[in-house]
Amino acid sequence: MIRVVRSAGLFRNISVIYSTAVSSPSSATAGNDYASITGEEVIIEEGSSSVNIPVTILADELPELDETFQLSLVSVYFTEEVPEDMGDGGPQLGEITVSEIVIREND
């Protein structure tokens, strides 16, 4: 699980869109080492400050060294219509939008 934290305001539900991607040099392989994710969504509910993103690591029988892949936060938005008086004050991604995930060696 990867925890996503909202750092400002706990009002309104927000949706976070995320995807996985390969990283190099020691890349894990989608479908062999981890379950690929493209454009999935989690919702941080009003009053909550965080949510966990499920990441599935796949076991295989091959002896391997550490391998890596990335989880990227793609976008964030309110799940319901925003009042006009709110202007452009909707949710925004912070500075850290990519996490490097390490699958430890298993030999």
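The values are calculated or read from the model by the stated rules, or taken from the named source; none is laboratory data. In this text, all values refer to a predicted model and were calculated from it rather than measured experimentally. Don't worry about glycine lacking a Cβ; one is built from the backbone with ideal geometry, like all the others, and counts go over all protein chains shown. SASA here: full protein model, heavy atoms, side chains in, ligands and nucleic acids out. Shrake-Rupley method; radii C 1.70, N 1.55, O 1.52, S 1.80 Å.
Some values worked out for this structure:
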| quantity | calculated |
| --- | --- |
| Number of positions in segment 19-58 that are under 16 Å from Val76 (Cα atoms), in contact (Cβ under 8 Å) with a residue 24 or more places away in the chain and either more than 15 Å from the chain's Cα centre (by Cα) or part of a loop (DSSP other than H, G, I, E, B) (or both) | 5 |
| Of the criteria (1) within 13 Å of Val76 (Cβ to Cβ); (2) in a loop (DSSP other than H, G, I, E, B), which one Val16 fails | (2) |
| Residues satisfying the stated conditions in segment 25-77, i.e. open to solvent by 80 Å² or more (accessible area, probe 1.4 Å) and either farther than 27 Å from Gly89 by Cβ or in contact with a helix residue (DSSP H, G or I) (Cβ under 6 Å, 6 or more places away or on another chain) (or both) | Pro25, Asn32, Thr38, Ile57, Ala59, Glu61, Leu62, Pro63, Leu65 |
| Matching residues, segment 1-16, being under 15 Å from the mean Cα position of the chain (by Cα) and either without any contact (Cβ under 8 Å) to a residue 60 or more places away in the chain or crowded, with 16+ Cβ neighbours inside 10 Å (or both) | Met1, Arg3, Val4, Val5, Arg6, Ile14, Val16 |
| Selection count where residues are closer than 15 Å to Val42 by Cβ and in a loop (DSSP other than H, G, I, E, B), scope segment 1-11 | 2 |
| Candidate set from segment 78-107 (those that are of a type in the set (A, V, I, L, M, F, W, C), open to solvent by less than 60 Å² (accessible area, probe 1.4 Å) and at pLDDT 80 or above); member that is nearest to the chain's Cα centre (by Cα) | Ile101 |
